[in-house]
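Novice: Sharing a structure here in structure tokens format.
Only the coordinates and a few stated rules stand behind these numbers; no lab work does. Because the structure is predicted, anything quoted here is derived from the model rather than measured. No Cβ is skipped: glycine too gets one built from the backbone with ideal geometry, and neighbour counts run over all protein chains shown.
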Amino acid sequence: MTQQQNLDYLSQEAEVIAPPPHVSENAFLQDYAGEYQRSIEDPEGFWSEVASELEWFKPWDRVFRWDYPTFKWFEGATCNITHNALDRHLNSGRKNKAAFIWLGEDGEERVFTYGRLSQLVNRFANGLRSLGVGKGDRVIIYMPLAPEGVIAMLACARVGAVHSVVYAGFSVGALRDRITDAQAKVVITADVGYRRGNLVDLKGITDEAVKDLDLVQHVIYWQRREKQELAPKEVDFDDLIANSSPHCDAEVMDSEDPLYILYTSGTTGRPKGVVHVHGGYMVGTYYHLKTFWDIKDDDVFWCTSDIGWVVGHSYIVYGPLIAGATTVFREGAIDYPHPGIAYETIEKYGVNVIFTAPTAVRMLMRYGEEYPLKYDLTSLRFLTCAGEPLNPEAQRWAYQYLCGSGQWGYMVDNWWQTETGGPCLGTLAVMDSKPGKVGRQLPGVVADVVDMEGQPVTEPNKGGMLVLTRPFPHMFRTVFGDPERYARDWERLPGYYFTGDVALKDEDGYFMVVGRADDVLNVAGHRIGTAEVESALVSHAAVAEAAVIGKPDALRGESIKAFVSLRVGQSPSDEMVEVLRGHVRHELGPIAVPAEIDFSPTLPKTRSGKIMRRLLKARELGLDPGDITTLEE
């Protein structure tokens, strides 16, 4: 993409939604402009002040060192993230406060106070130490979304081991690849997981993945159904806890010591092991939980992600615990066992703040408004989304039916990546929301839109590559075992971190993140983001979800093909095709009208819920998905 080939922005979307006064006036962060300015003019002083709210075994000698492209935060300091997530609260009045409310898909409920969670983590940490797991060792966690998975993560961090969570449901090959890449000496797993009432055989997958892998010394099984006889290398999860002491000192870690490796889900090419560290990650996730999600001490926070993804790491586990919050998390699908289960959860537990994904909002929208109207949702003050572009229509629908059109709640967007550890762009509780726009730069973040020569795109609403110009504490440090791959992200456009996403910035400094650069269409010389066409389709009352790809076209370069999932009660037809084509023409103009529209009950998605346009394109062109070149390759 050169400066002369910037993305064409076709939408005339100009709606602005003001935050309800009861939300904005009580927000923790009131002076965004002042806070942002301080964070940019004196980043070392700013982050030092945030870090001082937490407890350190030894303070830092130097706040920040940047030996481009590598960097360090809080150099010379020692800490352990679990000390701030657990120990710090035991003498602060939170010992008996609920840290987690866990819900099983079958209706099971378990509540863990900070005191009880600390005991269990300490017991499991001592169990790990009894198996020879210590500082720097890698441990793979292949667990369902259950408290035992969280306990395993925290226990690894407690003893200084580096955990790598693999989403429970990845295949044998994906699990084995991650075990071998991380050179993990221990794997922690369960017998089964549950999804839509079905069992996922995690033990069978794990057994196959570790077969003949001598590097794996132990496999720890959480046997949630019934106890089975274990093989010589196998250890029972519950027995390990029961036979270990509840007292365990946190390992003293350097601020820059690795906390975890998280392999990207593969939507951008070959998975890479993103490394986050104890100190900076602790500071950044805590800051944004407090200031962006605006969590109050008596709030109930629900994050609908999974511990297999960075959102689950940052905002189910570490960020909320460091901040002393109460967090709900739930195993299973957001619409199972019935389409109203999400609303039932909000009502029952008085959920105040939610962090979810656009795909979940669109799924709820597909079932219609009759479900949210059955429940009392007035506890919900703040609804936030991230993970992929949030369609304006989906935002409007959720704002109306989940937030009462502002009577009780407010809905906003935010953007970040596995590599950034926490949000970079977003709409704060004190800011106007612009549907289709993710928001502004959050404190500590300097982002820009540039062309492929690295020159800033100065004209408002003209697209280019989204880049970050300086590191912040919670940004990743390297790619495990492949520092050259890490360096490429900073060298592709020297002086910038290359996100791989296409974005534009308006005259008010609001960013619209269109999606991956691979998802940009080139139609008759016009470069159009797939997300913009998809949003136009979803804005029609009959459409629940849409995915758009480009197909080679001898005359126009590419033609547009859309795959559409209709809302409940709507039926595919030739007439519907023409209605939707006309709707896109009205919303975006003739250049964006799909040449073809196929209807599908569901769209292929990654495990984290992102639409797999690459797979759709490969199928359409009769190619193997690996033949579709991506930025990462």
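Novice: Separation of the stretch 12-42 and the stretch 502-562 by C-alpha centroid, Å?
Specialist: 29 Å
Novice: Here's a follow-up. Taking the Cα atoms of the stretch 168-295, what is the range of coordinates along each of the three principal axes, in descending order and whole Å?
Specialist: Principal-axis extents of the Cα atoms in the stretch 168-295, largest first: 47, 43, 35 Å.
Novice: One quarter of the convex hull surface, Cα atoms only: what value does that give for the stretch 341-412 in nm²?
Specialist: Numbers: hull surface 16.1 nm².
Mean projected area for the stretch 341-412: 4.0 nm², to one decimal.
Novice: I'd like the orientation of helix 278-291 relative to the chain: the angle between its Cα long axis and the longest Cα principal axis, in ° from 0 to 90, rounded to 10.
Specialist: For 278-291 against the chain, the angle is about 50 degrees.
Novice: Would you kindly state how much longer the chain becomes between residue 67 and residue 172 on full extension, computed as 0.36 nm times their sequence separation minus their alpha carbon distance, in nm to one decimal?
Specialist: Values: separation 105, 0.36 × 105 = 37.80 nm, distance 3.90 nm.
Extra length from residue 67 to residue 172 when fully extended: 33.9 nm.
Novice: A follow-up question, please. What is the local net charge at residue 449, summed over the other residues whose Cβ is closer than 9 Å to its Cβ (Lys, Arg +1; Asp, Glu -1)?
Specialist: Details: positive: 462, 505; negative: 448, 451.
So the surrounding residues net to 0.
Novice: Using only the alpha-carbon atoms of the stretch 360-449, report the extent along each of the three principal axes, biggest first, to the nearest angstrom.
Specialist: Ordered largest first, the stretch 360-449 gives principal extents of 43, 25, 21 Å.
Novice: Something else about it: Could you list 576, 365 so that the one with the fewest beta carbons within 10 Å of its beta carbon is first and the one with the most is last? Mind showing how you got there, number by number?
Specialist: Details: 576 18, 365 23.
The order, fewest Cβ neighbours first, is 576, 365.
Novice: Continuing with the same structure: To make sure I understand, if each residue's beta carbon is the centre and we count other beta carbons within 10 Å, what order do 218, 474, 247, 163 fall in, fewest to most?
Specialist: On the way: 218 18, 474 29, 247 10, 163 26.
By the 10 Å Cβ count, ascending: 247, 218, 163, 474.
Novice: Quick one: Debye curve from the C-alpha atoms of the chain, no solvent, what's log10 I(q)/I(0) at q = 0.09, 0.10, 0.12 Å⁻¹?
Specialist: -0.71, -0.90, -1.34
Novice: What are the equivalent ellipsoid semi-axes of the stretch 48-165, built from the alpha-carbon gyration tensor (square roots of five times its eigenvalues), in whole angstrom, biggest first? Each step should come with its number before you reach the end.
Specialist: Values: eigenvalues 161, 73, 40 Å².
Output for the stretch 48-165: semi-axes of 28, 19, 14 Å.
Novice: Where in the stretch 551-582 does the label zone of residue 596 land, with the point 7 angstrom along Cα→C-beta and an amide N cut-off under 12 Å?
Specialist: Residues 551-553, 559-563 qualify, since their backbone N sits under 12 Å from the label point.
Novice: Take every Cα pair under 8 Å in the stretch 467-568 that's 6+ residues apart, average their separations, divide by the length, and report that relative contact order as a whole percent.
Specialist: On the way: 139 pairs, mean separation 16.9, N = 102.
Relative contact order for the stretch 467-568 comes out at 17 percent.
Novice: Could you state the angle between the C-alpha long axis of helix 574-588 and the longest principal axis of the C-alpha atoms of the chain, as a value from 0 to 90 degrees rounded to the nearest 10?
Specialist: Orientation of helix 574-588: about 90 degrees from the principal axis.
Novice: May I ask you to sort 229, 344, 251, 41 by Cβ crowding, counting other Cβ atoms within 10 Å and putting the fewest first?
Specialist: With the sparsest Cβ surroundings first, the list reads 229, 41, 344, 251.
Novice: A further question on this structure: Putting +1 on Lys and Arg Cβ atoms and -1 on Asp and Glu Cβ atoms, find which of 103, 119, 91 reaches farthest to the positive end of the dipole of the stretch 82-131.
Specialist: Of 103, 119, 91, it is 91.
Novice: Stretch residue 553-residue 106 to full length: gain in nm at 0.36 nm per residue minus the Cα-Cα span? Provide the component values of the computation, followed by the final result.
Specialist: Numbers: separation 447, 0.36 × 447 = 160.92 nm, distance 4.99 nm.
Gain on stretching residue 553 to residue 106: 155.9 nm.
Novice: Using only the Cα atoms of the stretch 567-615, what semi-axes does the equivalent ellipsoid have when each is the square root of 5 times a gyration tensor eigenvalue? Give whole Å, largest first. Walk me through the intermediate numbers first.
Specialist: Details: eigenvalues 103, 50, 18 Å².
Rounded to whole Å, the semi-axes are 23, 16, 9.
Novice: Something else: Just the ratio, please: alpha-carbon radius of gyration of the stretch 46-94 over 2.2 N^0.38 Å, N its number of residues.
Specialist: Details: Rg = 12.9 Å, N = 49, 2.2 N^0.38 = 9.7 Å.
Relative to the rule-of-thumb radius for its length, the stretch 46-94 sits at 1.34.
Novice: Rounded to the nearest 0.05, what FRET efficiency is calculated for residue 344 and residue 298 with R0 set to 25 Å and r the Cβ-Cβ distance? If you can, show how the numbers build up before the last one.
Specialist: Working: r = 21 Å, r/R0 = 0.86.
Efficiency, from the Cβ-Cβ distance: 0.70.
Novice: log₁₀ I(q)/I(0) of the stretch 186-231 at q = 0.15, 0.18, 0.25 Å⁻¹, via Debye over equal Cα point scatterers, no solvent, to two decimals?
Specialist: The Debye formula, applied to the Cα set alone, gives -0.40, -0.55, -0.95.
Novice: Report the extension gain between residue 214 and residue 252 in nm, rounded to one decimal, defined as 0.36 nm multiplied by the number of residues separating them, less their alpha carbon distance.
Specialist: Numbers: separation 38, 0.36 × 38 = 13.68 nm, distance 2.96 nm.
Working it through step by step, the gained length comes to 10.7 nm.
Novice: A further question follows. For Cα pairs less than 8 Å apart in space and 6+ apart in sequence, what is the mean separation divided by the residue count of the chain, i.e. the relative contact order in percent?
Specialist: On the way: 1399 pairs, mean separation 93.2, N = 633.
Computed value for the chain: 15 percent relative contact order.
Novice: Then there's this: Could you give the distance between the Cα centres of the stretch 196-235 and the stretch 86-103, to the whole Å?
Specialist: Using only Cα atoms to place each centre, the spacing works out to 31 Å.
Novice: For the residue pair residue 16 and residue 405, what label-to-label distance in nm results when each label sits 7 Å from Cα along the Cα-to-beta-carbon direction?
Specialist: So the label points at residue 16 and residue 405 sit 2.0 nm apart.
Novice: Using alpha carbons only, how many degrees (0 to 90, rounded to 10) separate the axis of helix 147-159 from the longest principal axis of the chain?
Specialist: 60 degrees
Novice: How large is the direction-averaged shadow of the alpha-carbon convex hull of the stretch 493-581, in nm²?
Specialist: With every direction weighted equally, the projected area is 8.3 nm².
Novice: In debye, nearest 20: dipole of the chain around its Cα centre with unit charges on the Cβ of K, R (+) and D, E (-)? Walk me through the numbers before you get to the answer.
Specialist: Values: 63 positive and 88 negative charges, 166 e Å.
So the magnitude is around 800 debye.
Novice: Turning to a different aspect of this structure: One-quarter of the Cα convex hull surface for the stretch 291-392, in nm²?
Specialist: Working: hull surface 26.1 nm².
The directionally averaged projection comes out at 6.5 nm².
Novice: Using only the Cα atoms of the stretch 237-341, what semi-axes does the equivalent ellipsoid have when each is the square root of 5 times a gyration tensor eigenvalue? Give whole Å, largest first.
Specialist: Numbers: eigenvalues 116, 85, 73 Å².
Semi-axes (√(5λ), whole Å): 24, 21, 19.
Novice: Roughly how big is the stretch 242-364's charge dipole about its Cα centre, with Cβ charges of +1 (Lys, Arg) and -1 (Asp, Glu), in debye to the nearest 20? Please report the intermediate quantities before stating the final value.
Specialist: Working: 7 positive and 14 negative charges, 99 e Å.
The dipole of the stretch 242-364 has a size of about 480 debye.
Novice: Another one. State the dimensionless ratio Rg/Rh of the stretch 306-459 (Rg: radius of gyration of Cα atoms; Rh: Kirkwood radius). All intermediate terms of the calculation are to be shown ahead of the outcome.
Specialist: Working: Rg = 16.4 Å, Rh = 16.6 Å.
Using only Cα positions, Rg/Rh for the stretch 306-459 is 0.99.
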